[in-house]
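Report on one structure; see the data block that follows.
The values are calculated or read from the model by the stated rules, or taken from the named source; none is laboratory data. Please read all numbers here as calculations on a predicted model, not as lab measurements. Positions of Cβ are generated from backbone atoms using ideal geometry, with glycine treated the same way; all protein chains shown enter the neighbour counts.
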Amino acid sequence: MRGVVEFAAGAGVTLGGLAVFTKAALHPESQIFGRTLIAGINPDEMALTYDDGPNDAATMELLELLERYGAKATFFMIGRFVRMRPEIVRAVHAAGHVVGNHTMTHPWLTNKPADLIRTELKACNEALEDTLGCAIRYFRPPHGARRPVVLRAARELGLVPVQWNVMGFDWEPIGADKIYEHIDGGLARSRKRGQGANILLHDGFDKTMGTDRTDTLIATERLLERFQRDGARAVTVEAWG
């Protein structure tokens, strides 16, 4: 958030314009700065998406869980961790999940110069493509923070920018029950609007490798059980664009 305010102040944005700028930069569903992929129009489609991996303390365990339920997910990975744990990245891809770009070092992109933004996206793409031997199609900006140059840089690399409409808030130590409670509320809102649910969770942590994501795994299993019970379909973001 501080980066958004600093950038807006430096650009001469007025106080009245700051609210509009902040919404455009940080609200995950805003399309003011340009189109981003959110979700489809089928409220029975649920995309589990995981940011900040690969993580040797959680990602492989998450793969086993998804396999037990026959579900596919989308993983937005940080390039520096991809370089550290390429074998995990290959395992995610081999299991049929979608792997996306989450920048090289996870900076706030709202206050970074255009050259650095392009370098962050390009370096992550290269790390993923070197590891997997295939093109990367999807990009999620760290914190969901963007401005027009971020979206242009993504599209120059052939990347579809992806946001979300349901949050688990699992980057905070709130426990599995609270994570699930947040998602439950988000699912109700997306269904009311006649949308699919693009669910933001985390299998890693941008500051370090090895973060414990047990609560996220527990919440994920509860969601997968719910999807089976309710006849919902777990999809990847490829289903929507």
Notebook entry, point to check: Would it be correct to say that Ile199 is without any contact (Cβ under 8 Å) to a residue 60 or more places away in the chain and among the hydrophobic types (A, V, I, L, M, F, W, C)?
Noted result: no
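Filter the stretch 56-75 for residues that are assigned to a helix (DSSP H, G or I) and not acidic (Asp, Glu); which is nearest to Met209 (Cα to Cα)? Break it down into steps so the answer makes sense when it comes.
The first filter runs over the stretch 56-75 and keeps only residues assigned to a helix (DSSP H, G or I), leaving 59-68.
Keeping just the survivors that are not acidic (Asp, Glu) gives 59-60, 62-63, 65-66, 68.
On the way: Thr59: 11, Met60: 13, Leu62: 16, Leu63: 17, Leu65: 20, Leu66: 21, Arg68: 25 Å.
That would be Thr59.
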Margin query: If I ask for residues that are of a type outside the set (Val, Ile, Thr) and within 17 Å of the chain's Cα centre (by Cα), which ones from the stretch 202-218 would you list?
Written below: His202, Asp203, Gly204, Phe205, Asp206, Lys207, Arg213, Leu217
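Here's a check for you: in the stretch 50-61, which residue that is in contact with a strand residue (DSSP E or B) (Cβ under 8 Å, 6 or more places away or on another chain) and more than 14 Å from Thr236 (Cβ to Cβ) is surrounded by the most Cβ atoms within 10 Å (Cβ to Cβ)? So that I can check it myself, show each step before the final result.
Start the filter on the stretch 50-61 by keeping residues that are in contact with a strand residue (DSSP E or B) (Cβ under 8 Å, 6 or more places away or on another chain), which leaves 50-55, 59.
This time we only want the ones that are more than 14 Å from Thr236 (Cβ to Cβ), so: 51-55, 59.
Details: Asp51: 26, Asp52: 24, Gly53: 29, Pro54: 27, Asn55: 27, Thr59: 22.
Restricting to residues being in contact with a strand residue (DSSP E or B) (Cβ under 8 Å, 6 or more places away or on another chain) and more than 14 Å from Thr236 (Cβ to Cβ), the top hit is Gly53.
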Notebook entry, point to check: Which of (1) within 26 Å of Met46 (Cβ to Cβ); (2) surrounded by 17 or more Cβ atoms within 10 Å (Cβ to Cβ) is the odd one out, the single condition Ala94 does not satisfy?
Noted result: (2)
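Filter the stretch 178-190 for residues that are free of Cβ contacts under 8 Å to residues at least 40 places away in the same chain and within 22 Å of Thr211 (Cβ to Cβ) and give the result. Let's see the steps before the verdict.
Step one: of the stretch 178-190, the residues free of Cβ contacts under 8 Å to residues at least 40 places away in the same chain are 178, 181-182, 184-186, 188-189.
Result: Lys178, Glu181, His182.
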Notebook entry, point to check: Of the residues that make up the stretch 45-52, is at least one in a loop (DSSP other than H, G, I, E, B), modelled with pLDDT of 95 or more and within 17 Å of the chain's Cα centre (by Cα)?
Noted result: no
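Of the residues Ile183, Ile199, which is in a strand (DSSP E or B), crowded, with 17+ Cβ neighbours inside 10 Å, within 15 Å of the chain's Cα centre (by Cα) and not small (Gly, Ala, Ser)? Walk me through it before giving the result.
Values: Ile183 fails: in a strand (DSSP E or B).
Being in a strand (DSSP E or B), crowded, with 17+ Cβ neighbours inside 10 Å, within 15 Å of the chain's Cα centre (by Cα) and not small (Gly, Ala, Ser) holds for just one of Ile183, Ile199, which is Ile199.
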Check: So which of Ile88, Ile32, Ile78 is without any contact (Cβ under 8 Å) to a residue 60 or more places away in the chain, crowded, with 22+ Cβ neighbours inside 10 Å and among the aliphatic types (A, V, I, L, M)?
Finding: Ile88
Notebook entry, point to check: Which of the residues that make up the stretch 203-224 are over 17 Å from Met84 (Cβ atoms) and assigned to a loop (DSSP other than H, G, I, E, B)?
Noted result: Asp212
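Taking the condition in contact (Cβ under 8 Å) with a residue 40 or more places away in the chain and either hydroxyl-bearing (Ser, Thr, Tyr) or farther than 14 Å from Pro141 by Cβ (or both), does Ala57 pass? Show your work before the answer.
On the way: in contact (Cβ under 8 Å) with a residue 40 or more places away in the chain: yes; either hydroxyl-bearing (Ser, Thr, Tyr) or farther than 14 Å from Pro141 by Cβ (or both): yes.
Considered against the rule, which asks whether it is in contact (Cβ under 8 Å) with a residue 40 or more places away in the chain and either hydroxyl-bearing (Ser, Thr, Tyr) or farther than 14 Å from Pro141 by Cβ (or both), Ala57 comes out as yes.
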Check: Does Asn125 qualify as being touching a residue at least 60 places away in the same chain (Cβ under 8 Å) and buried (at least 17 other Cβ atoms within 10 Å of the Cβ)?
Finding: no
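Has the stretch 180-195 got at least one residue that is at pLDDT 95 or above and touching a Ser or Thr at 6+ places or on another chain (Cβ under 6 Å)? So that I can check it myself, show each step before the final result.
Step one: list which residues in the stretch 180-195 are at pLDDT 95 or above, which gives 180-195.
Pick out the ones that are also touching a Ser or Thr at 6+ places or on another chain (Cβ under 6 Å) and you get none.
No, there is no match, as no residue in the stretch 180-195 is at pLDDT 95 or above and touching a Ser or Thr at 6+ places or on another chain (Cβ under 6 Å).
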